[in-house]
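Heads up, the thing below is written out as structure tokens.
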Amino acid sequence: MDDKINTSPVEYAPEGSRHRRHPFGPVHSAVMSTSIGRRFFGTKSIDRLHAQMDQVEYKRTLTGLDLTLLGIGAIIGAGIFVLTGTAAKDHAGPALIISFIIAGTLCGLASMCYAELASMIPASGSAYSFTYAAMGEFLAWIVGWDLMLEYLVGAATVAVGWSSYLVKFIDDVTDSDTSVDARLVNAPFVWLESGAEYKGEKVDSAHFARNAVKCGAEWCYPWINLPAIAIVVAVTTLLVVGIKESSRVNNLFVVVKVVITLMFIFAGIKFINPQNYSPFVPAQEGPKKYGVPGIFAGAVTVFFAYIGFDAVSTTAQEAKRPQRDLPIGIIGSLSICTILYIAVSAVMAGLRPYSLIDPKAPVSTNIFEAAKAQGVNLRWFTIIISFGALAGLTSVILTMLLGQPRIFHAMAEDGLLPKTFSRLHPRFKTPYVTTITTGVICALFAGLLPVDILGNLTSVGTLLAFFFVSLSTIVLKITDPDRPRGFSVPGGKIGGFVIPALSAASVIALLTQTTPASIARVFIWMAIGAVIYVCYGYRHSELRKSYANDEKYSTETL
């Protein structure tokens, strides 16, 4: 049997070397000398990952340009068109610009780790596969389970924002504020923080409640967010049809939204009032409201805007030249989007006082109101902006719902999920079972839950994934230093360790600025995942089966 597909544990040593070195040396050997240690923390060799990739019948059609546009499609969307309003009004004020720089710097560090690992392990499992090769099966499962939260909830968050912009677009076209029934375009539930307003009154403690919205002069209770469900269903259908078709639609939407984003920047400059930048850092009014803490809280909020670049790595097995094209797509898309984000936030902060920014449709509404204050009617322009937002948010949903099924597929190939999830459509060669499953769950989330709780969950989940990718980069530099890398973290041997370490440290720093409730929800999700792994994944793991078939297994082979 070919060595690269040999399932015995000896195969887990890198090709060309007898043993893998491990950064924790004796501690690792002691853990791996036990049966449980081998099965929970055994790693999958990169050679075997490559062999598995060669056996999967994905269509390799994506170029470096496609991947860059895919990354832009994932990144430019909710951050600019939805969350900028919340971050500016509730946290950072005009210093939202600094929040974007902080979040962009962190993602820049993480993107270099992703680029190196993706060029070394071009697998559709993304951070899940990277962690499996570096840190073992159990942590890989936790990362994969965490990525499910990131993509599923992230897509649902953007779908909720898409619904808000659709309402804005219809209202602008019809020149009415009541053209859509509010009960059909809002979530039926809302999460209330202590001190928040509910039906005009302050609440005493944090809790879930029925959402209440204004229907004319009266309060009414929404039934479901119907447009959010509709867009998820439409995108899911497109993704089942094929990756190339999805890429073409995404490329079109990316061109539209980049052009409209540039239009907003250059048109908005004319209506900037310099007084709106003062005070640039408003005096602190609460634990996460304004001041320096508010800037970091704003960075956590807008961090959600940057997460799309990691979705590029989930298409590794559909790229023509993954070792070359993946780093281009990951770093190129992030660089372009960071520049656009900073420019948009700078313009938006100058249009209106931060306390008046509309959190639901901040881009279109705020430029309209700023122009109106100066005697200019930009109704036609806000219609264009809203259309661009719809295109932009659609491409984000598409990219996130594209990434999730491919991670499901990789986990199913490893036996950690039922084999049903590894099926490809006989004609379209897409993971249709996982795509449909993901779409259904995402539609339920989007139709029932509010955008703020969804966004916070996604941001914390993504930060944890970045943390493990950063650590995996360091571990693989120690355990497998000689393996070819299409891209290496810059800075030579020193920079190759310092940059991933800074990335991991930055993640921890940003996590300290998230709300305890958001962290608690993510850890509850991870605990549920650990139970599922013990009950199913551990028992069906392909890696565990390979250990069971080799009674002469030696810890030195790991």
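The values are calculated or read from the model by the stated rules, or taken from the named source; none is laboratory data. Computed from a prediction, not measured in an experiment: that's the story for all the values here. Here the Cβ positions follow ideal geometry from the backbone for every residue, glycine too, while neighbour counts run over all protein chains shown. We work out accessible area using only protein heavy atoms, side chains counted, and drop any ligands, DNA or RNA first. Shrake-Rupley method; radii C 1.70, N 1.55, O 1.52, S 1.80 Å.
Amide H neighbours of Leu417 under 5 Å, at least 5 residues apart or on other chains, H built in the peptide plane: list them.
Ala412
With all protein chains present and a 1.4 Å probe, how do Lys257, Lys372, Lys89 order by accessible area, largest first?
Solvent-accessible surface, decreasing: Lys372, Lys89, Lys257.
How much length is gained on full extension from Ala267 to Thr105, taking 0.36 nm per residue of separation minus their Cα-Cα distance?
The Ala267-Thr105 span can extend by a further 55.6 nm.
About its Cα centre, how strong a charge dipole does the range 332-482 have in debye, to the nearest 20, once Lys and Arg get +1 and Asp and Glu get -1 at the Cβ?
440 debye
How big is the gap, in Å, between the Cα center of the range 97-126 and the Cα center of the range 338-388?
One Cα centre to the other: 29 Å.
On the accessible surface of the range 53-158, probed at 1.4 Å, how many percent belong to carbon and sulfur atoms? Before the final figure, lay out each step's value.
On the way: 1180 of 1840 Å².
Carbon plus sulfur share of accessible area: 64 percent.
Determine the sum of side-chain charges near Tyr128: Lys and Arg each +1, Asp and Glu each -1, restricted to other residues whose C-beta is under 15 angstrom from that of Tyr128.
That works out to -4.
Which stretch or stretches of the range 484-511 have amide N atoms under 16 Å from the point lying 7 Å from Arg321's Cα along the Cα→Cβ direction?
Taking a point 7 Å out along Cα→Cβ of Arg321, the residues of the range 484-511 whose backbone N falls under 16 Å are 485-488.
Given a 1.4 Å probe, how much area per residue of the range 503-543 is accessible, in Å²?
Numbers: 1920 Å² over 41 residues.
Spelled out: the 1.4 Å probe surface of the range 503-543, per residue, equals 47 Å².
Where a Cα-Cα gap under 25 Å defines reach, which lysines qualify for Lys89, not counting those fewer than 8 residues away within the same chain?
Lys168, Lys199, Lys202, Lys214, Lys257, Lys270, Lys288, Lys289, Lys360, Lys372
Using only protein heavy atoms and a 1.4 Å probe, report how much of Cys535 is accessible, in Å² to the nearest 10.
The accessible area comes out at roughly 80 Å².
Can you pull the accessible area of Leu356 for me, 1.4 Å probe, Å² to the nearest 10?
Leu356 exposes around 90 Å² with every protein chain in place.
Going Cα to Cα from Lys44, which lysines come in below 30 Å? Please leave out same-chain ones fewer than 8 positions away.
Lys4, Lys59, Lys320, Lys419, Lys429, Lys477, Lys493, Lys545, Lys552
Restricting to Cα pairs below 8 Å that are 6+ residues apart, what does the relative contact order work out to for the range 423-506? Please round to a whole percent.
Contact order relative to length: 24 percent.
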